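The values are calculated or read from the model by the stated rules, or taken from the named source; none is laboratory data. These numbers come from a predicted model, not from an experiment. Quick reminder, even Gly has a Cβ in these numbers, built from the backbone with ideal geometry, and neighbours come from all protein chains shown.
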Amino acid sequence: MKKLLSTLILVLGLCPAAFSQTKGSTEFGVTLGYNGSTVTTTNTNADYRSGFNAGIGGEYYFSDSWGFKAKVLYDQKGWANGYIGSTITNFNLDYLTVPLLANWHFGHTKNWYLNFGPYVSFLTSAKTAVNSQDVKSIFNDNDAGLDLGIGVKFPVSGTAHFFIEVSGQGGVIDIAKSNSGSTISNSVSAINIGLNF
């Protein structure tokens, strides 16, 4: 997995950048946003945890309407006022997330877009709010699921676009290692801003 992630970062960094949405061009960007995360389960309380995400991405255009987008994000997930066992606390789970998305551009100027596809996440830390207790050992190292988003781009120069994007992630993997009850899966809603060039 680490080799796959390293290769993806290298490819995103070495591909030649072009500055128009034409067939065969590549666009890069940086993004920063707010995460509202929780978990879907019937066996524990699951309020929303506020966090953030930040990362880089690249999109290769097959046409003026379709592209393939990949991102690498530092992604704060988890949930608030929950429990595993008898302790009620906030669970702060931090991931490195890699979404691999089909990107459909629409509208008269093709500045609106809808993206969808799978993601995979790699757990970097897991702590409780109570005494900042390290609980990484009780969670699986990986998470995966589906990512869906919609956004709009605004030209700020001949080669750069500011964007606003709303997205969501729905996990399909049980994130707890030893779970005798129902499955615990990540669920995230995010709003992001960024710059493509």
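Tabulated data
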{"quantity": "Residue that is farthest from Lys127 (Cα to Cα), among those in the stretch 159-189 that are β-branched (Val, Ile, Thr) and part of a strand (DSSP E or B)", "calculated": "Ile164"}
{"quantity": "Residue count for the stretch 142-180, restricted to those that are within 16 Å of Asp75 (Cα to Cα) and not hydroxyl-bearing (Ser, Thr, Tyr)", "calculated": "15"}
{"quantity": "Of all residues making up the stretch 171-188, the number that are within 17 Å of the chain's Cα centre (by Cα) and loosely packed, with under 15 Cβ neighbours inside 10 Å", "calculated": "1"}
{"quantity": "Condition met for Thr31 (assigned to a loop (DSSP other than H, G, I, E, B) and either out of contact with any strand residue (DSSP E or B) (no Cβ under 6 Å at 6 or more places or on another chain) or at pLDDT 95 or above (or both))", "calculated": "no"}
{"quantity": "Elements of type strands (runs of 3 or more DSSP E) contained in the stretch 67-158, each with 1 or more residues being touching a helix residue (DSSP H, G or I) at 6+ places or on another chain (Cβ under 9 Å)", "calculated": "87-106, 112-128"}
{"quantity": "Lone unmet requirement of (1) out of contact with any Ser or Thr (no Cβ under 7 Å at 6 or more places or on another chain); (2) under 24 Å from Ser180 (Cβ atoms); (3) surrounded by 13 or more Cβ atoms within 10 Å (Cβ to Cβ) for Ser137", "calculated": "(3)"}
{"quantity": "Qualifying residue in the stretch 164-181 (condition: within 20 Å of Ile56 (Cβ to Cβ) and of a type in the set (Lys, Arg))", "calculated": "no"}
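Conditions tested, residue by residue: (1) more than 19 Å from the chain's Cα centre (by Cα); (2) without any contact (Cβ under 8 Å) to a residue 40 or more places away in the chain; (3) surrounded by 14 or more Cβ atoms within 10 Å (Cβ to Cβ).
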position	(1), (2), (3)
Phe91	no, no, yes
Thr109	yes, yes, no
Phe116	no, yes, yes
Ser121	no, no, yes
Ser132	yes, yes, no
Ala144	no, yes, yes
Leu148	no, yes, yes
